[in-house]
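Okay, structure first, notes after.
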Amino acid sequence: MQTTEYLNEVIKELSQTVAQIADEDAEKLVNHIYEAKKVFVAGAGRSGFMAKSFAMRMMHMGLDAYVVGETVTANFEKDDILIVGSGSGETKGLVSMVEKAKSIGGTVAAITTAPHSTIGELADIVVKLPGAPKDQSQSDYKTIQPMGSLFEQTLLLFYDAVILRFMEKKGLNSHTMYGKHANLE
């Protein structure tokens, strides 16, 4: 298969993920972000990269958004929300983070393929995204992509859709958000 044929297959897989995401769970997440004092995001590996892009867009909207683990991350408090993207929902460092956030009394949202995972069970909000686990030998979910690629791609697009919905609720557009774009580049 040619590279562009693979790309076409990836896009087909992504287009099939939308129908598998519950609108009510996504809307619950948007509403909790809207009500939160500060928003924290976390993820490991490629899911962490998706979380960083999400935090960046939230900053562009004027939210106090932080990536857990960065040197400029504020303290987490009871009026805050922690959003964790984890395909497996079992990444040890993320589980510890969720447990800490829960002990503080804040809200935890899990974006995962495994709602019954440790993180999913601890979370106040769970948004189930489709995707295969990293080890696809034990999975019924079929994808041509390696490891967790389909989940990670869907996670990025889901985060972008959350941004669009939040923009709509706040009456923002790209022009107003551009004023917060980095200018020391």
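No value in this document is a laboratory result; all are computed from the given coordinates. Just so we're clear, the structure is a prediction, and the values are computed from it rather than from any experiment. For neighbour counting, all protein chains shown are included, and Cβ atoms are generated from backbone atoms with ideal geometry for every residue, glycine included.
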* Proximal lysines relative to K170, as straight alpha-carbon distance under 18 Å, when same-chain residues fewer than 8 apart are discounted -> K28, K37, K38, K180
* Using the count of nearby Cβ atoms within 10 Å as a rough guide to exposure, how do S96, S86, S47 rank from fewest to most? -> S96, S47, S86
* To do: Mind giving me the nanometre distance, one decimal, between the label points for A19 and D124, set 7 Å out from Cα along Cα→Cβ?
  => 3.4
* **For L82, distant residues with modelled amide H under 5 Å away** => F40, T107, V108, A109
* Asked: Taking Cα atoms of the stretch 1-44, Rg/Rh with Kirkwood Rh, to two decimals?
  -> 1.22
* What ranking do E168, E185 get, fewest neighbouring Cβ atoms within 10 angstrom at the top? -> E185, E168
* Just the ratio, please: alpha-carbon radius of gyration of the stretch 20-172 over 2.2 N^0.38 Å, N its number of residues. => 0.97
* Could you work out how far apart the two model spin labels at E27 and T73 are, taking each label as a point 7 Å from the Cα in the direction of the beta carbon, and quote it in nm? => 3.2
* To do: Would you compute, from DSSP H runs of 4+ residues alone, the mean residue ellipticity of the chain at 222 nm, taking -39500 (n - 2.57) per run and dividing by the full residue count, rounded to the nearest 500?
  => -15000 deg cm²/dmol
